[in-house]
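Read the figures in this text as sums done on the coordinates, not as results from a lab. Since the model is a prediction, treat every value here as computed from it, not as a measurement. Glycine also receives a Cβ, built like all others from the backbone with ideal geometry; neighbour counts cover every protein chain displayed.
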Amino acid sequence: MKNYFQASPENPYHISIGAVIFNEDKTKILCHFIEKYKEYENLYLLMRETMQPNETIENTLKRGTLEEFGAIVEIDRFLGSIVAKDDWFGETGKKVEVEKTTLYFECFLVNQEDSNRVDDGTIESKSELVWLAPNVLIERMETFFQRYRINNLNEVGIIKRILQ
């Protein structure tokens, strides 16, 4: 079945669900750390999962946290969204401007085991999982964004909303 939520050269729009996962005392956030990918270095990402047809937002979030982080979470609240436009080359190698909308939710960790992660060949499945204080994560994400200017990877605004 075609995934109409996944961007393609014919349909340059994409929907993902994101999670900000806190530890028990809400002092640290679980994120991906990717030291090197193509020309990019020191990338920090929250969990973001592409929706599948006929899948609820909640199911996408829970599937994504389990696949990417090996985590079971409970959703606390909706945090808003990021809509970003970036160039995407995809499998065709042809440049297409994609509009990506990611809906973010604050979550609390119930359980996490690395052995539950799914290796689907994506960079996220090969990432190192790290817990960082929100202000440290913001600083590192801002440094990455200043260097590479990839709009859909700039999740600083979502994290700042939680701190307000």
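Note on the range 100-125: residues that are hydrophobic (A, V, I, L, M, F, W, C) and without any contact (Cβ under 8 Å) to a residue 24 or more places away in the chain amount to 0.
Given the criteria more than 15 Å from Ile15 (Cα to Cα), under 14 Å from the mean Cα position of the chain (by Cα) and not in a strand (DSSP E or B), does Glu68 qualify?
yes
When the residues of the range 101-120 are filtered to those that are in a helix (DSSP H, G or I) and out of contact with any helix residue (DSSP H, G or I) (no Cβ under 7 Å at 6 or more places or on another chain), the one that is surrounded by the most Cβ atoms within 10 Å (Cβ to Cβ) is Asp114. Do any residues in the range 44-55 that are at negative phi and surrounded by fewer than 22 Cβ atoms within 10 Å (Cβ to Cβ) have Cβ atoms under 8 Å from those of residues that are of a type in the set (A, V, I, L, M) and assigned to a loop (DSSP other than H, G, I, E, B), where the two are at least six apart or on different chains, and which pairs are they? From the range 44-55, the pairs are Pro53/Met1. Considering the range 121-133 alone, what residues qualify as being in a helix (DSSP H, G or I) and either crowded, with 18+ Cβ neighbours inside 10 Å or among the polar types (S, T, N, Q) (or both)? Of everything in the range 121-133, those that are in a helix (DSSP H, G or I) and either crowded, with 18+ Cβ neighbours inside 10 Å or among the polar types (S, T, N, Q) (or both) turn out to be Glu124, Ser125. Selection of the range 11-43 for residues being closer than 17 Å to Leu137 by Cα, of a type in the set (Ser, Thr, Tyr) and buried (at least 21 other Cβ atoms within 10 Å of the Cβ) yields an empty set.
Among the residues of the range 91-128, those that are within 16 Å of Gln6 (Cα to Cα), out of contact with any strand residue (DSSP E or B) (no Cβ under 8 Å at 6 or more places or on another chain) and of a type in the set (Ser, Thr, Tyr) comprise Thr92, Thr122. The listed residues are Arg140, Arg161, Arg147, Arg63, and the only one of them that is surrounded by fewer than 12 Cβ atoms within 10 Å (Cβ to Cβ) and either in contact with a helix residue (DSSP H, G or I) (Cβ under 9 Å, 6 or more places away or on another chain) or of a type outside the set (A, V, I, L, M) (or both) turns out to be Arg147.
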